[in-house]
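Student: Below are the C-alpha cells for one structure; questions will follow.
Since every read-out is calculated from the coordinates, none of them should be taken as a lab result. On a predicted model such as this, the values are computed, not experimentally measured, just so you know. Cβ: placed from backbone, ideal geometry, glycine included. Neighbour counts: every protein chain shown.
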Amino acid sequence: MPFARAIVGAYARRGADPTAALHAARIAPASVRDPDARITARQMELLSGHAMRELDDEALGWFSRALPWGTYGMLCRASLTAPTLGVALQRWCRHHRLLTGDVELGLAVEAEVATLSIVERRRLGAARELCLVTLLRYAHGFACWAVDSRIPPLALALPFEPPPHASAYAHVFPGPVAFGEARAALSFDAGYLALALLRDEQDMRAMLKRALAFTVFHYRRDRLLVPRVRDLLRRCAGEVRTAQDAAGLLHVSVRSLHRQLRGEGSSLQALKDEARRGLALDLLARGDRPVKQVAAAVGFRNEKSFSRAFRGWTGLTPAAARRAAPRRAPPG
C-alpha cells in the first residue's frame, strides 16, 4: 500500500483527484491510509497505468520534468535491435540519460555477476522508494521479456533503511535484499547478457498494450535454468540433497523449479545423476581411492547403492570403469 500511497501523492502534487485511478484498481480510498493494507500485483498495474495516463507522466512526478505517456515504450524500441541483452541494457542505460538527468543508470560486470545500478543526481523526495524500485523493475522486466526468460535476481541493494513493509520485497524481487546500501542496484548472473533478443516489432506492439505487467509480475520460464542447476550441483554438491535445497539456493519455489525443468525437457534427478556420474568418473580416473570413498564423495550412503546407480548410468561397474578410463594425475 505505500506504493499506492506514493501514486496518490503524485496526484496531490498536481492538485488532481486520484479517485478515478483508485476506482479503476478497486482500491478503497480509506485503505490507502491503512499501514497494514496490501494490494495485489494486478491492482498495482491498474493503478499505475491509470495514473500515468491521467497525469501524462510515466515517472509519476519523480523527476524534475514529466515523462509523457509512451516514453518508456520509446526506450524499449531503442533497445530492441540490439544483438544481445548486454548491448540492449547498455543502450537502455545510455538512452535513459536523454529522458532525465535526475538519475543515472549503469550496467557493470564483475566476477560473472552483472549489476544494474542507479545513481541519484538530485533528491527524489517522498516518492524515492517507488521511483528506485520501479526503475529497476522496468529494466528487469524489459530484459526478461526481450530474451523470453526469467532472470533471477542474485541480490537487491537499496539505499534506505528497511521500511515497515520490507517483507513485501520478497514478492517484488525474489532473492536477498540489503537495505542501507550506497545506491540502488540489482545483480544477476552475467550469463544472461550473452542471450540474443528474441522479439520483433510485432511482439513489441503486443507487449506495449500491457507493458506494466512486466514490472509487477515475474517471468516463469528461465532459459538458463538447466545450466544454472548444473553449476549449482557442481559447486554446492554437498549442500543440495533435496529439491528444497536446490530451490532455496536458486531463489525459486520447489514447484516452479520442477515445472521449469520439465519445460526444458529435464528434471532435477536427471541433472543430479548427470553431476554425480561426471564426478564419479573423474574420481575413479584420478587414482586408487576406494570405491566406498568415491560413493561417499558423490552423495551415496553405501557402496552397494552407488555401484547399482553407476551401472545404470554407464553400463559398467565402478571397477570396470576405472580400468577402462585413461589415467589422470590427481589435482595439484
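Student: Would you report the distance distribution of C-alpha pairs in the chain as whole percents per 20 angstrom bin, up to the bin with the largest distance?
Tutor: Over the chain, the share of Cα pairs per 20 Å bin runs 27, 47, 20, 6, 0 percent.
Student: Can you show me the helix-derived [θ] at 222 nm for the chain, built from DSSP H runs with n ≥ 4 at -39,500 (n - 2.57) apiece and divided by the number of residues, rounded to the nearest 500.
Tutor: When only DSSP H runs of four or more count, the value is -15000 deg cm²/dmol.
Student: What is the pair-distance distribution P(r) of region 269-324, computed from all Cα-Cα distances in 10 Å bins starting at 0, with each bin given as a whole percent?
Tutor: 26, 65, 8
Student: What list of whole percents do you get for P(r) of region 6-165, with Cα-Cα distances grouped in 10 Å bins up to the one holding the largest distance?
Tutor: 9, 36, 37, 16, 2
Student: At a Förster radius of 35 Å, what calculated FRET efficiency corresponds to the Cβ-Cβ distance of ARG53 and ARG241, to the nearest 0.05?
Tutor: 0.10
Student: Grab the Cα-Cα distance for LEU198 and LEU154, subtract it from 0.36 nm times how many residues apart they are, and report the gain in nm with one decimal.
Tutor: 13.5 nm
Student: Can you give the FRET efficiency for ARG128 and ARG230, using 1/(1 + (r/R0)^6), R0 = 56 Å, r = Cβ-Cβ distance, to the nearest 0.05?
Tutor: 0.90
Student: In terms of Cα to Cα distance under 29 Å, which lysines are near enough to LYS304, apart from those fewer than 8 places away along the same chain?
Tutor: Cα-Cα hits under 29 Å: LYS272, LYS292.
Student: Once the convex hull of the C-alpha atoms of region 71-216 is built, how many Å³ does it hold per residue, rounded to a whole number?
Tutor: 107
Student: Answer with one residue from ALA25, VAL240, ALA66: the one whose Cα lies farthest towards the positive end of the charge dipole of the chain, charges on Cβ with Lys, Arg +1 and Asp, Glu -1.
Tutor: VAL240
Student: To continue, here is another question. How tilted is helix 303-314 with respect to the longest principal axis of the chain? Cα atoms for both, answer in degrees (0 to 90, nearest 10).
Tutor: 80
Student: Pull out the extension gain between ARG301 and ALA182, defined as 0.36 nm times the separation in residues minus the alpha carbon to alpha carbon distance; nm, one decimal.
Tutor: 38.1 nm
Student: Okay, next question. Between ARG205 and MET74, how many nm apart are label points set 7 Å from Cα along the C-beta direction?
Tutor: Label-label distance for ARG205 and MET74, simple model: 2.0 nm.
Student: Would you please state the base-10 log of I(q)/I(0) at q = 0.26, 0.33 1/Å for region 225-266, with intensities from the Debye formula using one equal scatterer on every alpha carbon?
Tutor: Treating every Cα as an identical point scatterer, log10 I(q)/I(0) equals -0.90, -1.26.
Student: So if I place +1 on the C-beta of Lys and Arg and -1 on the C-beta of Asp and Glu, and nothing else carries charge, what would the dipole magnitude of the chain be about its Cα centre? I want it in debye, nearest 20.
Tutor: In total the dipole reaches around 1340 debye.
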